[in-house]
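Values in this text are rule-based calculations from the coordinates and carry no lab data. Keep in mind it's a predicted model, so treat the numbers as computed, not measured. Using ideal geometry, Cβ is built from the backbone for each residue, glycine included, and neighbour counts are taken over all protein chains shown.
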Amino acid sequence: MKKSQNSAGNEYRSRMLGIDALVKLKNGRRVPAINLDNAATTPAFSDVAEEVRQKLMYYGSIGRGKGQKSEISTVVYTEGRSAVKKFVGADNKKYTVLYCNNTTDGMNKLASALITSPRDLVLSTRMEHHANDLPWRERCRTVYADVDGDGRLRIADMERLLQKYDRKIKYVTVAAASNVTGYVNDVRTVAGLAHRYGAKIIVDGAQIVAHRAFSMLGEKGRDEDIDFFVFSAHKMYSPYGGGAIVGLKQELDAHLPAFYGGGMVEAVTDGDVDYADAPDLYEAGSPNYPGVVGMLKAIQLLSEAGFDYIREHEQTLLRRAIDKLRNEVPSAILYGDCDNIEDRVGILTFNLKTVENEDLADRLAAYSAIAVRHAKFCAHTYVDRLLGEVVPSEADRLDAACVSHKGMVRISFGIYNTEEDVDALIAALQGILAQPDAFAAVEVTSRVAARRNKYPGDRG
């Protein structure tokens with residue numbers, strides 16, 4: 001018999017670390033939290049934490065020692081690159097893997113190496129997270145493709161800009177999935193366009209790796225291959241500061257990042273330096289071994305869970321949240337296309353007409369132990385467009401958009417969230433709207449009530 005999405009979510013709850021840890025409410029009660037902020041960071045799989053603990057028992061210097069522990073750690077660290085490449089469908093000879101601390105760190109390392117002149121031209125989009133915008137705009141010239149009225153990327157605008165600049169664009173950089181609306185972009189088509197006009201493509205994979213299967217290889221031939229892919233492990237149930245860049249080895253060997261130190265050289269003399277090739281060239285200093293170990297275990301666990309299940313599970317929760325917000329929370333304003341959600345991962349942004357986004361997020365946490373994200377999610381230009389705060393003629397005016405304090409509330413689902421978590425959110429929102437000036441803790445679901453009964457000493 002096929003498990004329901006809700007029972008499957010409950011099964012994964014039991015595999016998360018700290019899922020029943022108690023947090024303190026405004027009234028002093030201590031209850032288990034409900035995390036609907038997975039797009040920011042996820043809890044750890046308990047198996048990930050255990051894997052890190054076990055591997056640290058045999059931890060030694062990576063690549064620089066002859067002790068047994070050093071050799072064991074070096075093998076785990078080095079051979080892990082093959083596991084990462086397999087996870088994202090990267091050809092073992094064509095690509096290399098550079099470990100980094102997170103997507104922001106990875107994008108900055110890439111930008112510091114690939115951008116060789118402030119006159120270099122990069123094509124980005126108006127839906128990007130700051131991690132895939134600021135590293136480029138601070139180093140070179142950037143141009144931006146816009147989004148449509150629903151917030152989806154206008155790929156035709158990308159092609160227009162590629163044509164306009166006539167092979168002067170060196171790199172096209174785009175998110176695989178938005179951290180605001182959850183839209184999954186057609187990066188294969190973007191790759192084909194980039195290559196047709198002599199550019200290479202860089203994909204921000206932060207919001208895709210825990211939600212959809214991803215491959216570096218194009219479905220219609222090499223013209224659609226992805227050149228560089230960057231992601232964070234803390235968004236895929238391993239919050240140990242791990243991450244990776246998967247990129248063209250030949251291209252990476254030809255550049256030098258602006259990060260220097262031990263481990264990235266073959267030899268140093270009084271007057272010269274002989275630098276190593278990638279990946280060593282990009283990994284100066286002692287590496288984040290626990291981050292790599294945790295990421296590799298998370299990759300294994302997500303692969304075992306299966307991305308078909310994950311996608312179906314998220315779609316179920318997303319549809320439930322949309323339907324309930326529309327039908328049971330009459331003052332809710334939803335953003336993005338909420339009718340055609342097949343191209344969305346489990347992310348939903350909304351507002352209440354009568355409560356500011358920050359106040360709403362505070363109250364959900366303080367009175368119902370529900371964690372959400374608020375404001376502009378490090379994607380200011382995108383959120384401004386979704387809010388109607390900017391029009392093309394005003395897009396470059398600081399006073400028209402960037403200083404606006406308006407924002408949204410975001411909920412984002414993980415593999416362990418359940419329908420009861422959605423119902424808890426709806427009940428909490430209804431309680432806030434029913435008592436706009438005086439809030440009490442909302443008893444949201446039978447599951448939460450049952451869990452609280454496990455801790456009778458913390459009920460008063």
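Give me the angle, in degrees from 0 to 90, between the Cα long axis of helix 307-328 and the longest principal axis of the Cα atoms of the chain, rounded to the nearest 10.
The two axes meet at around 40 degrees.
Which of Ala321, Leu281, Gly263 sits farthest toward the positive end of the charge dipole of segment 204-326, with +1 on the Cβ of Lys and Arg and -1 on the Cβ of Asp and Glu?
With unit charges placed on the Cβ atoms, the residue in question is Ala321.
Is segment 138-177 best put as rounded, prolate or oblate by its Cα gyration tensor, with a ≥ b ≥ c the root eigenvalues, rounded for a/c under 1.5, and otherwise prolate when a/b is larger than b/c, oblate when not?
Oblate shape, in that a/c is at least 1.5 and b/c is the bigger or equal ratio.
Label points 7 Å out from Cα along the Cβ direction at Arg119 and His255: separation in nm?
Each label point is offset 7 Å from its Cα along the Cβ direction, giving 1.9 nm.
Please name whichever of Leu252, Ala213, Tyr144 sits farthest to the positive end of the charge dipole of segment 132-278, dipole taken about the Cα centre and charges placed at Cβ: Lys and Arg +1, Asp and Glu -1.
So the residue furthest toward the plus end is Tyr144.
Please work out how much length the chain gains when fully extended from Val273 to Tyr309, using 0.36 nm per residue of separation minus the C-alpha to C-alpha distance, in nm with one decimal.
Length gained, Val273 through Tyr309: 7.9 nm.
From the cross-link list Lys85/Lys297; Lys94/Lys164; Lys324/Lys353; Lys297/Lys376, which pairs have alpha carbons spaced over 23 Å apart?
The pairs that break the limit, which is 23 Å between Cα atoms, are Lys94/Lys164; Lys297/Lys376.
Quick check: the angle from helix 46-56's long axis to the longest principal axis of the chain, C-alpha only, nearest 10 degrees?
The two axes meet at around 40 degrees.
Write down, largest first, the equivalent ellipsoid semi-axes of segment 15-151 in whole Å, where each equals the square root of 5 times an eigenvalue of the alpha-carbon gyration tensor.
Working from the Cα gyration tensor, I get semi-axes of 34, 30, 14 Å.
Just to be sure I understand the model, the point goes 7 Å from the Cα along the line to the Cβ. What's the resulting Asp337 to Asp359 distance in nm?
Rounded to a tenth, the inter-label distance reads 3.4 nm.
What are the extents of the Cα atoms of the chain along their three principal axes, listed from largest to smallest and rounded to whole Å?
Answer, in whole Å and largest first: 71, 61, 46 Å.
Between Asp223 and Arg196, what length comes free when the chain is fully extended (0.36 nm per residue of separation minus the Cα-Cα distance, one decimal in nm)?
Net length gain for the segment: 8.9 nm.
Where does the charge balance sit around Val143 when Lys and Arg score +1, Asp and Glu -1, over other residues with C-beta under 11 Å from its C-beta?
+4
Where the only charges are on Cβ atoms (+1 Lys, Arg; -1 Asp, Glu), what is the dipole of segment 90-193 about its Cα centre, to the nearest 20 debye?
That gives a dipole near 440 debye.
Taking neighbour counts of Cβ atoms within 10 Å as a proxy for exposure, in what order, fewest first, do Arg212, Arg167, Arg385 appear?
So the residues, fewest neighbours to most, are Arg167, Arg212, Arg385.
Given H placed 1.01 Å from N in the peptide plane, which residues other than close sequence neighbours of Met16 have an amide H under 5 Å from its amide H?
Ser46
Run the dipole for the chain about the Cα centre, Lys and Arg Cβ at +1, Asp and Glu Cβ at -1, nothing else charged, and hand back the magnitude in debye, nearest 20.
Computed charge dipole of the chain: roughly 780 debye.
Pop out the ³J(HN,Hα) list for segment 73-81 in order, Karplus 6.51 cos²θ - 1.76 cosθ + 1.60 with θ = phi - 60°, rounded to Hz; leave Gly and Pro as x.
With coefficients 6.51, -1.76 and 1.60, one gets 5, 5, 5, 4, 5, 6, 6, x, 4 Hz.
Taking other Cβ within 10 Å of each residue's Cβ, how do Phe413, Phe377, Phe307 sort, fewest first?
With the sparsest Cβ surroundings first, the list reads Phe307, Phe377, Phe413.
Largest first, please: the extent of the C-alpha atoms of segment 48-304 along each principal axis, to the nearest Å.
Dimensions of segment 48-304 along the principal axes of its Cα atoms: 57, 50, 31 Å.
Which angle from 0 to 90°, rounded to the nearest 10, does the C-alpha axis of helix 103-114 make with the longest principal axis of the chain?
20 degrees
Dipole of segment 48-304, Cα-centred, from +1 at each Lys and Arg C-beta and -1 at each Asp and Glu C-beta, to the nearest 20 debye?
280 debye
Please arrange Thr418, Thr354, Thr189 by counting, for each residue, the other beta carbons lying within 10 Å of its beta carbon, fewest first.
Neighbour counts put them in this order, fewest first: Thr354, Thr189, Thr418.
Using only the Cα atoms, what convex hull volume per residue in Å³ does segment 175-317 have?
137 Å³
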